[in-house]
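Student: Input: one structure, supplied below.
The values are calculated or read from the model by the stated rules, or taken from the named source; none is laboratory data. Predicted model only: the values in this text are computed from it and were never measured. Cβ: placed from backbone, ideal geometry, glycine included. Neighbour counts: every protein chain shown.
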Amino acid sequence: MLLSAGLSGAHAVLFTVRDGKLSGRESFFLGDIHEEKREEVVAEFIKQYYFANVMVPKEILVTKLPQDAELLMQWLSDQRGSKVTLLAPMRGEKKALLDLGW
């Protein structure tokens, strides 16, 4: 999940990857947010999206880990029924995937 902010406000971009291939992309308009609230907004978006969504993936990529990442991973793992990891990749294929949203 990528949170990007521009002139038209902030957007969350959600990529779906199956079997190592990009299979979908959704964009959600979030309105105007302040830079210092970015991690909080990411955490809240993840909670709201996956509370309503039955398919919680085993791995969620974010541009920056939220402060409550451990608690969020536990909640997501409970929702999924198995371990879920939040990652903020700095390089490699996973980082390149996040860069697609910019």
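Student: Can you tell me which residue within segment 23-39, out of those that are over 15 Å from the mean Cα position of the chain (by Cα) and assigned to a strand (DSSP E or B), is modelled with the highest pLDDT?
Tutor: Among them, the one singled out is Ser23.
Student: Is it true that some residue in segment 80-89 is in a helix (DSSP H, G or I) and either closer than 17 Å to Thr16 by Cβ or of a type outside the set (A, V, I, L, M, F, W, C) (or both)? Don't jump to the end; show me each part of the working.
Tutor: Start the filter on segment 80-89 by keeping residues that are in a helix (DSSP H, G or I), which leaves 80.
Next cut, either closer than 17 Å to Thr16 by Cβ or of a type outside the set (A, V, I, L, M, F, W, C) (or both) only: 80.
Checked against the condition, which is being in a helix (DSSP H, G or I) and either closer than 17 Å to Thr16 by Cβ or of a type outside the set (A, V, I, L, M, F, W, C) (or both), segment 80-89 yields at least one hit.
Student: Something else about it: Look through segment 40-82, keep the residues that are surrounded by 15 or more Cβ atoms within 10 Å (Cβ to Cβ) and of a type in the set (Val, Ile, Thr), and return whichever of them is farthest from Gly24 (Cα to Cα).
Tutor: That would be Val41.
Student: Can you run down the residue pairs with Cβ atoms below 6 Å, 6 or more apart or on separate chains, where the first is in segment 22-45 and closer than 20 Å to Leu61 by Cβ and the partner is modelled with pLDDT of 80 or more and of a type in the set (Ser, Thr, Tyr)?
Tutor: Ser23/Thr16; Gly24/Thr16
Student: Scan segment 40-52 and give yes if some residue there is of a type in the set (Lys, Arg) and modelled with pLDDT of 85 or more, otherwise no.
Tutor: The answer is yes, given that some residue of segment 40-52 is of a type in the set (Lys, Arg) and modelled with pLDDT of 85 or more.
Student: If you take the residues in segment 70-83 that are among the hydrophobic types (A, V, I, L, M, F, W, C) and touching a residue at least 24 places away in the same chain (Cβ under 8 Å), which one is nearest to Val42 (Cα to Cα)?
Tutor: The qualifying residue nearest to Val42 (Cα to Cα) is Leu72.
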